[in-house]
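The values are calculated or read from the model by the stated rules, or taken from the named source; none is laboratory data. Predicted model, so just to flag it, every value in this text is computed and none were measured. Please note: Cβ atoms are built from the backbone with ideal geometry, for glycine as well, and neighbour counts cover all protein chains shown.
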Amino acid sequence: MKNFREKLRIDNIVSGIGCAVLLLFCFLSIAGEAGLIPAFTPAAGDSHWQSGWRGFILGASTSVLALMIFGLIRNLRAMRSEEKLKKLYIKCNDERTIQVHASGQAAGMRTSLILGIVAVVVAGYFSVTVSLTILACVLTSSLITVGFKLYYHKKL
């Protein structure tokens, strides 16, 4: 249980740093929209696009911030109570849950790669730049997947 408590402590530190960075993004987005920081605007697009982009940044940052705060509170509550710590340990280390997550991630990755290849072909009829960009993303994802498969094949 001591190792798990240490893992939670490190997770809390990382989450705290992540929350601080996301709060900075939220502040910069709001300040950019208010005109307080004119340098924090996208280089391309008109004012409507720039405003929409800042809104997207604010919404995405706020959503991820809420999830991180939720996880941080859950970890802090578990660290204060031995009973909650044991329940969280069991939940995080349940073999069935771990296998379900791994299977879901593998199926999701395969589906993303297949749909990416389809998108490369379809986008090629409309824009070479978009098609090559999607191809680069698919290639990068494929290489990362192969790299991790090789790593875990040797590790396990």
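Brief remarks follow.
- Filtering the range 17-42 to residues that are surrounded by fewer than 12 Cβ atoms within 10 Å (Cβ to Cβ) and either touching a helix residue (DSSP H, G or I) at 6+ places or on another chain (Cβ under 8 Å) or over 30 Å from residue 79 (Cα atoms) (or both) leaves 34, 35, 36, 38, 39.
- Considering (1) in contact with a Ser or Thr (Cβ under 6 Å, 6 or more places away or on another chain); (2) more than 28 Å from residue 142 (Cβ to Cβ); (3) not basic (Lys, Arg), the lone condition that residue 16 does not fulfil carries the number (1).
- Those residues of the range 119-133 which are assigned to a helix (DSSP H, G or I) and surrounded by fewer than 11 Cβ atoms within 10 Å (Cβ to Cβ), in sequence order: 128, 129
- Filtered residues of the range 95-113 (kept if of a type outside the set (Ser, Thr, Tyr) and surrounded by fewer than 12 Cβ atoms within 10 Å (Cβ to Cβ)): 95, 96, 98, 99, 100, 101, 102, 104, 105, 107, 108, 110
- Candidates 116, 45, 59 - the one that is surrounded by fewer than 13 Cβ atoms within 10 Å (Cβ to Cβ), at pLDDT 90 or above and not acidic (Asp, Glu): 59
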